[in-house]
Amino acid sequence: MTARFPFEVRAFAKINLTLRVLGLRPDGYHELRTVFQSLAIHDRLRFERIAGPFEIVCDDSRCPVDRTNLVWRAAALVWRAAGRRDAMTGVRVSIRKRIPMQAGLGGGSSDAAATLRALVPHWAPDLEAGQLDRIGASLGADVPFFLHGGTVLGLERGDRLFPLRAREREWVVLVQPDFGVGTPDAYRWFDERTPMASRRRGLGPYAEGGNDLEAPVARHHPAITRIVRGLRRNGARWAAMSGSGSVCFGLFATRPGAEAAGRALAGPRCATIVTRTLTTEEHARGAAPVHARVRG
Ligand code: C5P
């Protein structure tokens, strides 16, 4: 059923439980084998009707609100998929940003996927699911994952997806240092450091196995190594950098264990967030539109 305006959707974050870089592709992207895991921490996007041109507002001034925002680009692709060639009108998207940016948590991609899900029923209701996935992939390699959520194996650019069985719920401590990492930089540092011949051959096990971008990023930002060690010392049964960084995560069996580690690791140069993993079903329920009351 199509949600009536105004409505609100949640855009959940992800971590990469493992991220293996298998080689460079002819299109310039890297061939990946990664396991995505949805987290409960989320941005909220409110969609409302307005009389004028399409606009974005955001409660975080560091977040662009022009056409460089993936939300804008996602909306524009839906508008075009509906056959419109004029400028977008009639909708305002208000973003409440809670997922750290430049963090490896996929915040921008998740907001883009949430926008696709929100606007397709209104602007392009006849769009097929396959087309939606293709539009998602054209916005960013991890956008298709955010259209599904849960625990998912990603191959190729990370956009060919194979859902995995739901894992037991785990508590997750995110540690955000006082710097971000741009995704292209992380891959460039990987390329500079890893001669083609020494790259992993074949496909290793996809259980937690580490993140191939972690060592190259840690060479430029040694704090990454200290944070991962700190998470392990504070009881994480697994800890690594997420995606291209800079956020690192630790997995904990219990909430009190995660909260104690979060408190121990928080400091003037490190923010910590305690959250938990989400299954595909929890992701689908949580991401569904809810009617928003009109704010005064
Ligand atoms: O697809 P997305 O825009 O999120 O990717 C950002 C950048 O990350 C790309 O321009 C590329 O430099 C790098 N990347 C890559 N291989 C991937 C995914 C991302 O090289 N599989």
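Every number in this text was worked out from the coordinates using simple rules, so none of it is lab data. Just so you know, these numbers come straight off a predicted model, no measurement behind them. Here the Cβ positions follow ideal geometry from the backbone for every residue, glycine too, while neighbour counts run over all protein chains shown.
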Farthest toward positive dipole pole in the chain [+1 Lys/Arg, -1 Asp/Glu at C-beta], among A118, V217, G262: G262
Per-peptide average of other Cβ atoms within 10 Å, ordering 259-267, 19-27 highest first: 259-267, 19-27
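In what sequence, highest mean first, do 233-242, 139-148 appear when ranked by Cβ atoms within 10 angstrom?
139-148, 233-242
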Cysteines without a disulfide-compatible neighbour (Cβ-Cβ under 4.7 Å), the chain: C248, C270
Debye log10 I(q)/I(0) for the chain, one point scatterer per Cα, at q = 0.07, 0.11, 0.15 Å⁻¹: -0.26, -0.65, -1.17
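Return F162, F54 ranked ascending by Cβ neighbour count within 10 Å, so the fewest neighbours appear first.
Sorted ascending by nearby Cβ count, the order is F162, F54.
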Protection-proxy order for peptides 36-47, 102-113, each taking the mean of Cβ atoms within 10 Å per residue, highest first: 102-113, 36-47
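Give, in nm to one decimal, the length gained when the segment between L24 and R269 is fully stretched (0.36 nm per residue of separation minus the Cα-Cα distance).
Numbers: separation 245, 0.36 × 245 = 88.20 nm, distance 3.45 nm.
Computed gain between L24 and R269 is 84.7 nm.
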Pair-distance profile P(r), taking every C-alpha pair of region 68-108, with 5 angstrom steps and integer %: 5, 19, 25, 21, 13, 10, 7, 0
Contact order normalised by residue count of the chain, Cα under 8 Å, 6+ apart, percent: 27
